[in-house]
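Asks: Structure incoming, see below.
The values are calculated or read from the model by the stated rules, or taken from the named source; none is laboratory data. Computed from a predicted model, the values in this text were never measured in an experiment. Every residue, glycine as well, gets a Cβ built from its backbone with ideal geometry; the counts of neighbours run over all protein chains shown. Just the protein is used for accessible areas: all its heavy atoms, side chains included, with ligands, DNA and RNA removed. Shrake-Rupley method; radii C 1.70, N 1.55, O 1.52, S 1.80 Å.
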Amino acid sequence: MSNRIYLLLGPEKGQKQDRINQIRSQLNKQFREEIEYSKYYAFDDNIDQMYIELNNSSLFSAHSLIVLHNIDSLKSPEAKNIIRYIENPSDSSTLILDSDEFSLKSPLTQVATLLKPQTTIFWGLQENQLFSWVKSFFIQKNLQIDNDAIQYILDQVDNDTFELKIICNQLAFYFEVNNKRTSISENEIESFVHHSKNETAFSLFTTIAQGDLRKSLEIANVILERDNTASFTLIPGLLWSFRRLTSVAYQMNLGISQRDAFAKAAIFTRVNAIRNRKDQATYSTALKLYNYTDCQRIVEQLLEHDMIIRTAGSDLMKIYIEKMIYTIIVNKGKSPIKLQSATLRSELF
């Protein structure tokens, strides 16, 4: 069995992503080039495409790194396929299996057994460690921040440095642009979060909920032209809305009525009921277009694009955001289709 297969467990996405980046960097150094990198999700319907990539060499890269997220969602047939690959892996690829769970249950117990030496569990930081993490982050940005402001930030995040890094980067950019010299207060953080959600995301979410691609693109472009920090605040608002929608869709999948699902809607573990009639109408419309699986994919797309957009140049910003909106509305969160053969892989996008 190859040691080019890793199993990463636990809910701490920030440290987990750091480990993925480390593996990718090591492979780039080993093969002296930028290797191919692909991501798949177990709840998606293109897993067969992943095996084509795993088992076939590319003309354009000496090696490929493939990450399969949410492995705990695999059903028995897919689990058997993964086990068969682990027992007879390809030398041309490295595979990373990822789950937010701390352990794998049937039908994946054999996966955990086979990969025990290559398994890492990311338990997550304690609250005092997260507090220090935030304080250090802002110190590195030459910004001062009150303890109450740090606590407010932590209250918005579910014990995850991946989410925390996204929010802190947005806040740091905003206060750097505004040349903040005094210590950042809780009121300023709260005002920023409220402003970003109401100004940049909710009107766009409403048109996305209606499946109106043209209007959604128009609203996004207006936001970008009007606010030079919008690209850093737009996606968090959409994430907030789609996580809320995901919560409702999940509960309805369990047989709970829409009315009760609205009352129990949550973001992470915090209840955020949908009581306003206008909001209920928006979410009802969205549920007709996006099912639970779609919502999961869309949340993953938003997280991925947030990282891309924050590091992209201004010339590419608009293109990335428009592509993201197209992927959400037209593809329901599915990544663009790839054209591949045994030795040739080229992306449409």
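Asks: Just give me the residues in the stretch 177-192 being surrounded by fewer than 16 Cβ atoms within 10 Å (Cβ to Cβ), in a helix (DSSP H, G or I) and at pLDDT below 85, in sequence order.
Replies: VAL177, GLU190, SER191
Asks: At pLDDT 90 or above, out of contact with any Cys (no Cβ under 8 Å at 6 or more places or on another chain) and open to solvent by 10 Å² or more (accessible area, probe 1.4 Å): does that describe GLU304?
Replies: No: the conditions fail for GLU304.
Asks: Sticking with this one: Would you mention how many residues in the stretch 50-73 are more than 11 Å from TYR40 (Cβ to Cβ), touching a Phe, Trp or Tyr at 6+ places or on another chain (Cβ under 9 Å) and of a type in the set (A, V, I, L, M, F, W, C)?
Replies: So the answer is 2.
Asks: Which residues, taken from the stretch 193-225, are touching a Gly at 6+ places or on another chain (Cβ under 8 Å), of a type outside the set (A, V, I, L, M) and either closer than 13 Å to PHE242 by Cα or at pLDDT 85 or above (or both)?
Replies: Selection gives LYS197, PHE202, PHE205.
Asks: Can you tell me which residues in the stretch 313-334 are among the small types (Gly, Ala, Ser) and at pLDDT below 80?
Replies: GLY313, SER314
Asks: Which pairs have Cβ atoms under 6 Å, sit 6 or more apart or on different chains, and link a residue in the stretch 296-310 that is farther than 20 Å from ILE71 by Cα to one that is polar (S, T, N, Q)?
Replies: Note: pairs meeting the criteria are ILE309/SER231.
Asks: Considering ARG310, ARG297, ARG270, ARG259, which residue is at pLDDT below 85 and over 19 Å from CYS168 (Cα atoms)? Full working, then the answer.
Replies: Values: ARG310 fails: over 19 Å from CYS168 (Cα atoms); ARG297 fails: at pLDDT below 85; ARG259 fails: at pLDDT below 85.
Testing whether each residue is at pLDDT below 85 and over 19 Å from CYS168 (Cα atoms) leaves just ARG270.
Asks: If I ask for residues that are over 28 Å from ILE20 (Cα atoms), without any contact (Cβ under 8 Å) to a residue 12 or more places away in the chain and β-branched (Val, Ile, Thr), which ones from the stretch 122-151 would you list?
Replies: Across the stretch 122-151, there are no qualifying residues.
Asks: I'd like to check which helices (runs of 4 or more DSSP H) are fully inside the stretch 203-293 and have at least 2 residues that are touching a residue at least 60 places away in the same chain (Cβ under 8 Å) and either in contact with a helix residue (DSSP H, G or I) (Cβ under 9 Å, 6 or more places away or on another chain) or surrounded by 16 or more Cβ atoms within 10 Å (Cβ to Cβ) (or both). Show your work before the answer.
Replies: Numbers: elements: 213-226, 230-253, 258-263, 277-289.
It comes to 213-226, 230-253, 277-289.
Asks: Search the stretch 102-121 for residues that are touching a residue at least 60 places away in the same chain (Cβ under 8 Å) and pair each with any residue that is among the aromatic types (Phe, Trp, Tyr) and surrounded by fewer than 12 Cβ atoms within 10 Å (Cβ to Cβ) when their beta-carbon atoms are under 7 Å apart and the residues are at least 6 apart or on different chains.
Replies: Short answer, once both residue conditions are applied: ILE121/PHE102.
Asks: Something else about it: Looking only at the stretch 78-100, count every residue that is within 23 Å of GLN296 (Cβ to Cβ) and at pLDDT below 90 and tell me the total.
Replies: Matching residues across the stretch 78-100 total 1.
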